[in-house]
Amino acid sequence: MATNKLSTESYKGVRDFYPEDMFIQKHIFERMRKAVEKFGYVEYGASVLEPAELYRAKSGEEIVNEQTYTFTDRGDREVTLRPEMTPTVARMVAAKRRELVFPLRWYSIPNLFRYEKPQRGRTREHWQLNVDLFGVDNIQADVEILAVAHEIMLSFGAKAGDFEIRINSRKMLEEQATKYNLTPEKAKELRLIIDKKGKMPHEEFQQKIKAIAGDNFELSQVASNDVEKVISLLKKNNIENIVFDPSIVRGFDYYTGIVFEVYDTNPENRRALFGGGRYDDLASLFDGDKIPAVGFGAGDVTIRDFLETHGLLPTYKPSAQLYIAIQDETCRESAEMLAATLRRNGTDVVLDISQKKLGDQIKIADRQKIPFVTAVGAEEVKSGAYRIKNLADGIEKILKATEISDSLKTLL
Ligand code: HAM
């Protein structure tokens, strides 16, 4: 029978997470969670499936027209795999606006899907920490959100010089649009060009903005009041690596106030690590009044690149602390009992089932990076004392079954 072997490659632009990758992913999520919970943010979640119309209402056009994964389900509904979390969280908050106690400090780490050209820092599925503060339209909320972003970076071990927060306000662009008599469509076109400023030569950029906004148009190089205030308040909190950048405008339609992005100062990573801003009108797409909101998204792909570039990736270790090798099969039952005792005492242990020679069992433990090993043989069964060996330095300790868990806790 002719067989067409299946490819082992994953779908284009998505990643498989082998245990060593998963370890890094978990590390990233844990640090994110710890940092945002310090500020009292609580976690929420939602399905990856959303009605397609949710994104038509108010996202960036590029996302809706070119980047969504949309299909028709068996009931003829148009469904989209969420490309971002903001419309979902706005929907959730709007749905329970009467019961929820504002201000809301919410976070989530959803996986998102965008049909993009895969490249460094860009995939078709990424995980994105979303941190959003609902119900407050004052500048303190903007400052808190930026302080949270800053704290996340520090929690990864980054130093202030390793990254930079670039901030602007949509208000500046709106004022300019009024000054130059731009229609809302032209203003949006202008914004989308400014958003891509870094991706084209300066000359081309100048030509393009003048083609949209007229020959006299010059991109304003002064920060608006809200931006000035946010920067000075953050500086008072010892957050110094924040700068006004008139080219930060963000692609999405829904932003209404400050907009910001966080960048690696190392040119190897050119893509934003975080992106966010104030979006006071999004919730009013649903029934009811507006709910002021400010927040950001921080992607796992760009953060992983950042950690790698700055030597901040954690060293892989499995959860198992001890590998119980078996010297001969007559000792298996005792080894099983030892494993059960240790697991009850909170130690993660691997019990050998390879039935290989002792030396080979130890090699398995070593190659799987399990730090300690013990071999159960007739002598151990008789004495109830076990030789616990640290594979990294070869140092051994002889311990009773009941002493092993506590001892490992101090050694690890
Ligand atoms: P965004 O700028 O599209 O914003 O994404 C935020 C971050 O997610 C980016 O800075 C990047 O780290 C990561 N990211 C985005 N797309 C990809 C991709 N294709 N591959 C890898 N990483 C990616 C938003 O999505 C807004 N909804 C964020 C927000 C929350 N605004 C307010 N609240």
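Observations, loosely collected:
- Conditions (1) aliphatic (A, V, I, L, M); (2) buried (at least 16 other Cβ atoms within 10 Å of the Cβ); (3) more than 24 Å from ILE28 (Cβ to Cβ); number of the one not met by MET85: (3)
- Criterion violated by SER220 - all others in (1) in contact (Cβ under 8 Å) with a residue 60 or more places away in the chain; (2) small (Gly, Ala, Ser); (3) under 13 Å from ILE248 (Cβ atoms) satisfied: (1)
- Here ASP289 meets the list (1) under 26 Å from ALA94 (Cα atoms); (2) loosely packed, with under 15 Cβ neighbours inside 10 Å; (3) within 12 Å of the ligand (Cβ to nearest atom) almost entirely, failing just condition (3).
- Among the helices (runs of 4 or more DSSP H) confined to the range 33-114, the ones with at least 2 residues that are within 20 Å of the chain's Cα centre (by Cα) are located at 86-95.
- The range 356-412 - residue that is in contact (Cβ under 8 Å) with a residue 40 or more places away in the chain and assigned to a loop (DSSP other than H, G, I, E, B) and, of those, surrounded by the fewest Cβ atoms within 10 Å (Cβ to Cβ): LEU412
- ASN345 meets each of the listed conditions (1) surrounded by fewer than 13 Cβ atoms within 10 Å (Cβ to Cβ); (2) farther than 26 Å from TYR18 by Cβ apart from (1).
- Residue check, ALA298 surrounded by 19 or more Cβ atoms within 10 Å (Cβ to Cβ), in contact with a Phe, Trp or Tyr (Cβ under 6 Å, 6 or more places away or on another chain) and outside any loop (DSSP other than H, G, I, E, B): yes
- Scope the range 264-286; condition over 20 Å from ALA187 (Cβ atoms), within 9 Å of the ligand (Cβ to nearest atom) and in contact (Cβ under 8 Å) with a residue 60 or more places away in the chain; matching residues: ARG271, LEU273, PHE274, GLY276
- Residues in the range 310-332 that are touching a helix residue (DSSP H, G or I) at 6+ places or on another chain (Cβ under 9 Å) and assigned to a helix (DSSP H, G or I): THR330, CYS331.
- Condition check for LEU104: buried (at least 18 other Cβ atoms within 10 Å of the Cβ), more than 27 Å from GLY135 (Cα to Cα) and modelled with pLDDT of 95 or more: no
- When ARG191 is tested against (1) in the same structural domain as LEU273 (by TED's automatic domain parsing); (2) modelled with pLDDT of 90 or more, only condition (1) is not met.
- Selection count where residues are of a type in the set (Gly, Ala, Ser) and part of a loop (DSSP other than H, G, I, E, B), scope the range 262-277: 1
- Every condition in (1) part of a loop (DSSP other than H, G, I, E, B); (2) farther than 28 Å from PRO314 by Cβ is met by THR347 except one, and the failing one is (2).
Conditions tested, residue by residue: (1) more than 30 Å from GLY157 (Cβ to Cβ); (2) of a type in the set (Val, Ile, Thr); (3) away from the ligand (no atom under 15 Å from the Cβ).
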{"residue": "THR3", "(1), (2), (3)": "yes, yes, yes"}
{"residue": "ARG15", "(1), (2), (3)": "no, no, no"}
{"residue": "ARG33", "(1), (2), (3)": "no, no, yes"}
{"residue": "LEU49", "(1), (2), (3)": "yes, no, yes"}
{"residue": "THR68", "(1), (2), (3)": "yes, yes, no"}
{"residue": "ARG74", "(1), (2), (3)": "yes, no, yes"}
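The values are calculated or read from the model by the stated rules, or taken from the named source; none is laboratory data. As the structure is a computational prediction, the values presented were derived from the model and not from experiment. Cβ atoms come from the backbone with ideal geometry, glycine included; neighbour counts cover every protein chain shown.
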